[in-house]
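Any read-out appearing in this document is the output of simple, stated calculations on the displayed coordinates, not a laboratory observation. Only a predicted model underlies this, so the values are computations on that prediction, with no experimental measurement involved. Note that each Cβ is placed from the backbone with ideal geometry, even for glycine, and that neighbours are counted across all protein chains shown.
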Amino acid sequence: MSIHVQRLNEAVRPQLLEHFLRLSAEDLRLRFGTTFGPSAIAQYVERIDFDQDAVLGVYDDALTLIGVVHVAFSGDSAELGLSILPGHRFVTRLYMHCLSENAAMMHIAKKSGMNICIDTGEADAFLKLPPADPASLTGEMFDQRLALFDYALKTQTAALRRITDSLGDPED
């Protein structure tokens, strides 16, 4: 199974809010370092700067946003936040910030060869990335186009499914 990642924009704020609201209280705590209520989650989603940050998403066949990566840029560094709905978790490596008790994220960081710094109950993992080059930029552009095509196919399939369902069984 291939996973198509799509860069998200302002138009998906309602889907982002729905995604975060579907996470359990424990998943939210592990993702944000604290438990957020619905209004705090809505404020977080409203403050995302899609022009400065990179917000990436993965949709399932029902067009549900099942995975979100938010890379918030600040100067010469970036912070990565990741959330994946239960039943769709497929992470292997990343740069991250989490609570030091978040065993799953710590395992991922260690397995990826990241240098982990733990301070006051929180952990940061760092991995030096190579600079972008023409090949990586072309690959990113190709992956984005493939993700958009995948989303368009899923949209068409969902529309056909709704039409078929509305017609009902001809033998009824």
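Taking the range 44-122, which GluC sites (Glu not before Pro) meet the DSSP loop condition and have no more than 13 other C-beta atoms within 10 Å?
Those that pass, being in a loop and sparsely packed, are E101.
Label points 7 Å out from Cα along the Cβ direction at T35 and S74: separation in nm?
The modelled label-to-label distance comes out at 2.6 nm.
Which whole-number percent gives the relative contact order of the chain, counting Cα pairs below 8 Å spaced six or more residues apart?
The value is 19 percent.
Multiply the residue separation of H88 and D119 by 0.36 nm, subtract the distance between their alpha-carbon atoms, and state the gained length in nm to one decimal.
8.1 nm
Could you give the longest part of the chain that holds none of the trypsin sites (Lys or Arg not before Pro) found in DSSP loops with at most 15 neighbouring Cβ atoms within 10 Å?
After excluding every exposed loop site, the longest remaining stretch is 23-88.
Run the numbers for A62 and E26: contour at 0.36 nm per residue of separation, minus the present Cα-Cα distance, in nm.
So the chain would gain 10.4 nm between A62 and E26.
Given R₀ = 22 Å, FRET efficiency for T157-R7 by Cβ-Cβ distance, to 0.05? Walk me through the numbers before you get to the answer.
Values: r = 22 Å, r/R0 = 0.99.
The value I calculate is 0.50.
Answer rounded, prolate or oblate for the range 1-108, using the Cα gyration tensor with square roots of eigenvalues a ≥ b ≥ c: rounded when a/c is under 1.5, else prolate when a/b is larger than b/c, else oblate.
rounded
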